[in-house]
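The values are calculated or read from the model by the stated rules, or taken from the named source; none is laboratory data. All of these numbers come straight from a predicted model, not from anything done at the bench. Reconstructed Cβ throughout: ideal geometry from the backbone, glycine too, with neighbour counts over all protein chains shown.
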Amino acid sequence: MKVSCLQENLVRGLNIVGRAVAPRTATLPVLTHILLATDNGRLKVAATNLELGVSCWIGAKVEDEGAITVPARTFTDLVALLPADKVELDLNIRTQTLRVQSGRTDANIKGIDAQEFPIIPTFHSDAAAYIEPAILKKMIAQVVFAAATDESRPTLTGVLTRLEDDKITMAATDGFRLSVRSDRLKELVTEPRTILIPAKALVEVARVLGDQEEPVAIGVTPSHGQVLFHMNNVDVVAQLIDQKFPDYEPIIPKRHDTRTIVNTAEALKACRQASIFARDSLDTVRVLIKPGEDLEPGKLTVVARADETGDNHSELEATVTGDEIEIGFNVKYLIDALSAVDTPQVAIETTQPRSPAVIRAIGDDNFFHLVMPMHLPRS
């Protein structure tokens, strides 16, 4: 293999695939390496930890075809320090050593034969679904935060994704909250699919979307064990979670006794202030909702109290329809939910103090978030 490319393009490619490199404690040493391979006149850069695989193609001048895997950390650190100029890569097949030349730098990196690198599935357009990148990025941002991070509950670390007709729905829950987002695909899918995608993989998809303008293709491998996101010059492949996601439909309230509409930014600021004082009380805050009377507007008050640090009250004007209610929440969950709302106003629908509340973005019917209440000690 003998190729040359621009240092900035190589750095970008390494940054894109870097998160998929396995830790140095990996049982297979090649998983700590990055694959460099010529591919139809371009340089392919790829990494995988067997759960997640990322491939990136960058422009290059190819003189001789070939492939090699090099230690990810060594190669990435070296390339980052090279001058912003042309980088020449020359492989000695006999010794499996990659010579790296740029400016006055001349380095040799010992690698592992590319034949030992795991095969990362490639994209096939059969039965793929297509979605606008901006929509996909927004969907991911509005659901992944609700997924569990505890690996002992693998089912809840995934995002349930349904593809049917021209609609895509994503849902995530950690058992204490639920985020659901729906939107439109670019075209009808040929066959409905329901898959459970690791939230971590979707975070990577959102990260590498960058300035993508063309629709993103979502496909499932023939074995039905992996999902593949195909973008311009980048593919992300992830192992699907082979478990049953909980049926969340029954827990979604079918009605509400109180509906409170407030300014999203003001509510978020109030919750962030309350979180300062809620740290010593399991992040619990009281939310008091009171309808307006006569010429007085309705009010939403967020209260946090800690015996050692003090207390905080934030009172917001609100449009309240229904009954007065006092309900407790984990303020971190409220902050996450309100941060995911990108409309000026948000609606909070409640029934009873021990029943879940539903948060909706006013003007965007495609998104809602459900959060379970917390027990409030007596004042």
**Asked** Would you say THR169 is among the polar types (S, T, N, Q) and surrounded by fewer than 17 Cβ atoms within 10 Å (Cβ to Cβ)?
**Response** no
Across (1) outside any loop (DSSP other than H, G, I, E, B); (2) outside the structural domain of VAL220 (by TED's automatic domain parsing); (3) surrounded by 18 or more Cβ atoms within 10 Å (Cβ to Cβ); (4) in contact with a helix residue (DSSP H, G or I) (Cβ under 7 Å, 6 or more places away or on another chain), ILE109 clears everything bar (3)
Over the stretch 16-68, the set of residues polar (S, T, N, Q), touching a residue at least 12 places away in the same chain (Cβ under 8 Å) and either out of contact with any Asp or Glu (no Cβ under 7 Å at 6 or more places or on another chain) or in a helix (DSSP H, G or I) (or both) is THR32, THR48, ASN49
Across the stretch 162-181, the tally of residues that are touching a residue at least 60 places away in the same chain (Cβ under 8 Å) and either out of contact with any Leu (no Cβ under 7 Å at 6 or more places or on another chain) or of a type in the set (Lys, Arg) (or both) stands at 5
From the option list ASP311, ASP294, single residue qualifying as exposed (fewer than 15 other Cβ atoms within 10 Å of the Cβ), without any contact (Cβ under 8 Å) to a residue 60 or more places away in the chain, acidic (Asp, Glu) and at positive phi is ASP294
In the set LYS186, LYS244, LYS200, the lone residue that is basic (Lys, Arg) and exposed (fewer than 13 other Cβ atoms within 10 Å of the Cβ) is LYS244
Taking the stretch 125-158 and the residues there that are in contact with a helix residue (DSSP H, G or I) (Cβ under 9 Å, 6 or more places away or on another chain) and hydroxyl-bearing (Ser, Thr, Tyr), the one that is surrounded by the most Cβ atoms within 10 Å (Cβ to Cβ) would be THR157
message: Against the definition (at pLDDT 95 or above, in contact with a Ser or Thr (Cβ under 9 Å, 6 or more places away or on another chain) and surrounded by fewer than 18 Cβ atoms within 10 Å (Cβ to Cβ)), how does ASN92 come out, yes or no?
response: no
Picking from SER355, SER339, the residue that is out of contact with any Phe, Trp or Tyr (no Cβ under 6 Å at 6 or more places or on another chain), at negative phi and part of a helix (DSSP H, G or I) would be SER339
For strands (runs of 3 or more DSSP E) lying entirely in the stretch 176-257, having 1 or more residues that are closer than 17 Å to THR48 by Cβ picks out 193-198, 226-231, 234-239
